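First up is the structure itself, then whatever we jot down about it.
The values are calculated or read from the model by the stated rules, or taken from the named source; none is laboratory data. On a predicted model such as this, the values are computed, not experimentally measured, just so you know. Backbone-built Cβ (ideal geometry, glycine too); neighbour counts: all protein chains shown. Calculation scope for accessible area: heavy atoms of the full protein, side chains included, ligands and nucleic acids excluded. Shrake-Rupley method; radii C 1.70, N 1.55, O 1.52, S 1.80 Å.
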Amino acid sequence: MSLKNKLISFGIAFVVCGGGFLLLDVTLMNMQGLSLIFER
Amino acid sequence: MRIPRLLQATLVLVGVYFGFIVVFDYILEAVIPRSLLTMYMFFVTAGVFMVFTYDEDQMRELAAPIKAMVEDPSKRGVRNVVFLLIPLLVGYGVYDKTMPSFDAPVELRTIHPAPPSTAKIYGERVNLLTLENPFRHYETEDPEQFAEYVEEGAAVYIENCQYCHGDKLDGKGPYAEGLNPTPLNFQDIGTIAQLQESYLYWRITTGGPGLPKEAAPWISSMPVWQNFLTEEEIWKVILFLYDYTGHAPRSWGAANASH
Amino acid sequence: MRQFLKVVAFMVVTVGLFAGYSNLGIPQIQPAPPPTEEKIDLSAMTMDQFVALGERLFSGKGTCTLCHNALGRAPELGEIAISSQARLDDPRYAGSASDIEGYIRESLVDPSAFVVVGFGKAGSNDTESPMPSVNSGSIGMSDPETAAVIAYLQDNGGLEITVEIPTDLGEAEDEGEATNSGEPREPITDIQELVDNHACEACHTITDAAGDIGPDLSKIGATQDRDYIRQALLDPNAVIAEGYEEGFMPDDLGQQMYATELEIMVDFLSNLK
Amino acid sequence: MKGTGSLRNVSNKLIYGLFITLVIGLVSVFGGADLFAAYAAGTEAAADAASTGGYGPAPVTTAADYPSYAGVNGRLAIWIFAQLHLWFAAFVLAVPIFVFIIEVIGMRTRDKRYDDMAYEFIKVSITAYSLTAILGGLLLFSLILFYPDLFSYLSVIFGESMFYYALLFFGESAVLYLYYYGWHWLQGGLKKWIHLTLGLTLNAVGTTLMLLANAWLTFMMSPAGVDPAGVFSGDTWAAIHNFLWNPINIHRFVANIAYGGSIVGAYAAFKFLTARNDQEKAHYDWMGYNANFIAICALLPLPFAGYYLAAEIYAYSQQMGITLMGGIFAWLFIIQAVLIGTLFLSANYYLWCGMGRSDGAKRYTKYIKYIAIVLVGAFLVWFTPHTLVLTNSELKSLGGPHHSILGPLGIMPAKNTAVNIMITFTFLSFLFYRRSNKVATVSWEKTGNIIQVALFSAGIVNILFLGIYHGYFTNTVYKVAASIPQVMTTFTVIVGSLILDSFIYRGAKDVGPLHWGRIPDRAQYALFLLAVAFTWLMGLMGYIRSGIRQHWHVVDIMRDNSPDAYTPTLGYAANVVSIATIMFLAMVIFVFWIAQVSTKKSLPAGYWKE
């Protein structure tokens, strides 16, 4: 596996996991925390 | 060339110690309290010890120079020097600790003492647990009116508070230098942002003399503002404090609701 | 054995380090001593202690919180500073009080002197209060105790405390029951006086004046016999009429009434048809 | 699973075990709740009958109502007895829980070592059991003697449940003796099942006992079922099911397991150090590893259980909450932070040392120093106090008591972030340990590893993001709420990578046999440190839990008017806890010693006539 392939698969997995966590945050915080970003 | 492990460990410790000092005292220009640094170093040392000793071979390598220094007959000279230096260092430490100095003793104040449940303010017993800012509801109901109240609060602040707490609310007013404890910096995330409005109301109205005993030493020079300002003026100043700093008062109701 | 001693030494040193850090590493703050308890001795009492005594009476012996609470069964007392003056100025006011302290005392001792609109007994058009007098009947506060409650109410409502701490001792605490004179009282023979003394109409409709906290008794004799009524007086929670809560009716009428009085009451109620 | 055994199987079994623990816990808590609910129906009926007439208000005491005997300070006596009782009780409640799990594992795998280890654990706890009862008796006596009014008031409310408690204790003893003495008799086939049922019953009774005792103490913190004057409504269920009851139940259940694990770990460590041959060494090394594993598994969720308890205390009374976190007790949390950090560091150190058992560990040891850096760094944040101790020159130089950089580290968002990072990295240590003796054979191993790294990175980024963003850029309302997604992130990382790992290492090859017993003696001292720090920490936290009542026996209902009603300084409390800890350790050493004395035979020949 070349370094480039490694980086690409890491990137995809990271985005998927990160997106999942962000969803988790939003669900648990019930949008309260993030709504502050958009309001500002 | 490979650095011997004992030297490695020592270098790491010395590096971390001076790293802290350089970063905090010189780069960030915010001195790291020496009492805290001592504790930090204790645990950094523990961490370094852990990393250098979890493996038996590494442990032997680490201990080898010390072992040789103590046991090897050819290291007699070094041994004598070290065995002389260590007691001297300990002696100096004791001397340094016990030697009286001209510094005032270290005092510790509880910055946020627990409020009583009720306090006597304006001759009236108020319940601090349920007390709310009478103007706060305008923030959502009538923003224009609210802005007006904040403005009025700002005027009261400039007339009365900024001499110590500063025109930027950062605790650096013209008189701040002369005070100990220094006036509170409202911009700091650790001050009003952590508190409810009723807490501020209590601290402003009753001032330094109203501090509970646990907040000793009882030397805050905050005046008892209920003798000088009206209830409404104080509530408006509180509005201003939060508005200007951009903090929001802590509210228990909402915190519980969001659980 | 050597290993054992090494382990013991290690443990003791560890505990010693923890203790040393707690003693030397962190600042030692002497917590505030507990607030001093109010003394019951009136002569040595400060006003704060007197107010605290009033607060205890207010939620304890006085049973005031039964009605003066957030449920709105009786007027809210937290705003007494504003409301008392307003009531003195009310054109309907016909009492004898001229200042706030007097008004509060009058409200406690003679609750019907002025009834806040909407809080009178049902049907009395706000001329009669459902509240029993605090110095008679089942509550039976002494004068110093009443004064303490007034002090508490003034303090709580944000008023200047004008009550003086009474100096005649002995009556402050409820040594006896309602009759703390020690002498047995005269039996009451008048049914109206009995009904008033026990504030029955605070909750029940008996004749024309009406309360709706307890069941309507104006036709009780038509449906229930004497034994039922007697039991209802002596042990009110034995049978609860449908739609009413238990625990409201005092269950110590048996101790407060003479047997003759009880029978007068039973006679009277069983004849209401 | 013969001989030295496969590492992965061991830890997998223990993970199943942990799952069973959770099930037992839930069954006991909810089963207990059902039992209580049925009981509640009964007491409500009793409440109806009693109404408000039968009970008086809480007694009002004066200093004269607190007798003194033989110059003994009543508070000190009761403090130490209660603490000792609690330690032993925690130990004897926890041991049957994991003994049961280990026994089940033994039965499933038919590996006799598990059964032997379970038997050895329960043997250790048998003597401790009677000490628990004796200390409980001392606690009760000193309560009656030194605080008679409090005891009589509590017995008005809990009299009935105290009676059931005594009955349950009797039942607990009966089941325990059957379980222990019947161990070798009830072996094999149906008999083993009967024995396991006994074990389950033992745990159910034990947990119910704890729930009852918890109700008494939480009643004193958050009284229920009484009116403001302390007049009891007659509804015992309301008094038991008070506001803080369940938070304490959960916290204690988890903490007991961690504590029991650490004490058994210390036992194994001592046996390891004094082992006479390699076989014994290997056995006790294996036992110590398992005990430490149990302790860490229960330690990981403990900060969250504690956080939940603190949040509930806040919700119950802001007054109590501020006394707890912001007043004089704030410094106690710095001591607590030091101790919890010690627990984490020594648990990690033990894992690292344990990697020496495997020949394949070299592949992972190079990462250890990075884990150590993160752990120590997170730990430094974790114990940075909110109020710094500053000399005058430092105060002037900073321009105030608030440090612009270190100050924010003193408040909750930073601490929550630090503790989640610590937990994640402790888990990483464990993951390396698990892998050290394995070589994966699946074709997608590399991709799997990359996904795992991505999961960890995303989790850590999310924890940091939540901590920094919610700590410093949002309304304070959300500061505390941010900790819940942080916790969930940590759990997701742990569970996700465990699942991923089990797929990657499906059908994996062993590097070589595991060398149980090949571990430095220093690692055993890490186990001792774990046990001592745990004991001391429990004592300290017990002090604060009790201390936030301040001068109340029963908060806002029954006042403490004894001369000892004041709150002592932290140093004094720490000294009391230290003395109690040393007393406890001495007793534990006695218990361990007595457990092995029974197997010794030293009679000279010819003493008895033939």
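Results, tabulated for the structure shown:
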read-out	value
Close pairs (8 angstrom Cβ cut-off, 6 or more residues apart or separate chains): outside the structural domain of C:Leu88 (by TED's automatic domain parsing) in the range C:100-120, part of a helix (DSSP H, G or I) and surrounded by 21 or more Cβ atoms within 10 Å (Cβ to Cβ) anywhere	none
Residue that is nearest to the other protein chains (Cβ to nearest Cβ), among those in the range D:401-444 that are part of a loop (DSSP other than H, G, I, E, B) and more than 20 Å from B:Phe20 (Cα to Cα)	D:Ile411
Residue in the range D:586-607 that is in a helix (DSSP H, G or I), in contact with a Leu (Cβ under 6 Å, 6 or more places away or on another chain) and buried (at least 20 other Cβ atoms within 10 Å of the Cβ) present	no
Which listed residue is in a helix (DSSP H, G or I), among the hydrophobic types (A, V, I, L, M, F, W, C), surrounded by fewer than 22 Cβ atoms within 10 Å (Cβ to Cβ) and more than 24 Å from the chain's Cα centre (by Cα), from D:Leu200, D:Leu190, D:Leu212	D:Leu190
Residue pairs meeting the criteria (Cβ under 9 Å; at least 6 apart or on separate chains; first more than 18 Å from D:Ala275 (Cβ to Cβ) and at the interface with another protein chain (Cβ under 7 Å from one of its Cβ atoms), in the range C:1-27; second outside any helix (DSSP H, G or I) and open to solvent by less than 20 Å² (accessible area, probe 1.4 Å))	C:Ile26/D:Pro385
Considering residues of the range C:86-111 that are modelled with pLDDT of 80 or more and hydroxyl-bearing (Ser, Thr, Tyr) only, the residue least open to solvent (accessible area, probe 1.4 Å)	C:Tyr103
Hits in the range B:1-31 (condition: outside any helix (DSSP H, G or I) and free of Cβ contacts under 8 Å to residues at least 24 places away in the same chain)	B:Met1, B:Arg2, B:Ile3, B:Leu28, B:Glu29, B:Ala30, B:Val31
Subset of the range B:82-107 [modelled with pLDDT under 85 and among the small types (Gly, Ala, Ser)]	B:Ser101, B:Ala104
Within the range D:482-540, tally of residues that are open to solvent by 30 Å² or more (accessible area, probe 1.4 Å), within 14 Å of chain A (Cβ to nearest Cβ) and polar (S, T, N, Q)	1
Hey, D:Thr387 assigned to a loop (DSSP other than H, G, I, E, B), touching a residue at least 24 places away in the same chain (Cβ under 8 Å) and buried (at least 19 other Cβ atoms within 10 Å of the Cβ) or not	yes
Residue count for the range D:356-377, restricted to those that are at pLDDT 90 or above and open to solvent by less than 10 Å² (accessible area, probe 1.4 Å)	4
Residue match in the range D:229-240 (condition: more than 14 Å from every other protein chain (Cβ to nearest Cβ), open to solvent by 20 Å² or more (accessible area, probe 1.4 Å) and over 22 Å from D:Met355 (Cα atoms))	yes
Any helices (runs of 4 or more DSSP H) falling wholly within the range B:122-193 and containing at least 2 residues that are in contact (Cβ under 8 Å) with a residue 40 or more places away in the chain and surrounded by 14 or more Cβ atoms within 10 Å (Cβ to Cβ)	B:143-160
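Here is a yes/no grid of residues against (1) within 14 Å of chain C (Cβ to nearest Cβ); (2) of a type in the set (Phe, Trp, Tyr); (3) farther than 26 Å from D:Val205 by Cα; (4) not in a helix (DSSP H, G or I):
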| position | (1), (2), (3), (4) |
| --- | --- |
| D:Ile248 | no, no, no, no |
| D:Ile257 | no, no, no, no |
| D:Val264 | no, no, no, no |
| D:Lys271 | yes, no, yes, no |
| D:His283 | no, no, yes, no |
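One line per residue, one yes/no per condition, for (1) open to solvent by 70 Å² or more (accessible area, probe 1.4 Å); (2) more than 10 Å from every other protein chain (Cβ to nearest Cβ):
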{"site": "B:Gly15", "(1), (2)": "no, yes"}
{"site": "B:Ile32", "(1), (2)": "no, no"}
{"site": "B:Phe43", "(1), (2)": "no, no"}
{"site": "B:Asp55", "(1), (2)": "no, no"}
{"site": "B:Lys75", "(1), (2)": "yes, yes"}
{"site": "B:Arg79", "(1), (2)": "no, yes"}
{"site": "B:Leu89", "(1), (2)": "yes, yes"}
{"site": "B:Gly93", "(1), (2)": "no, yes"}
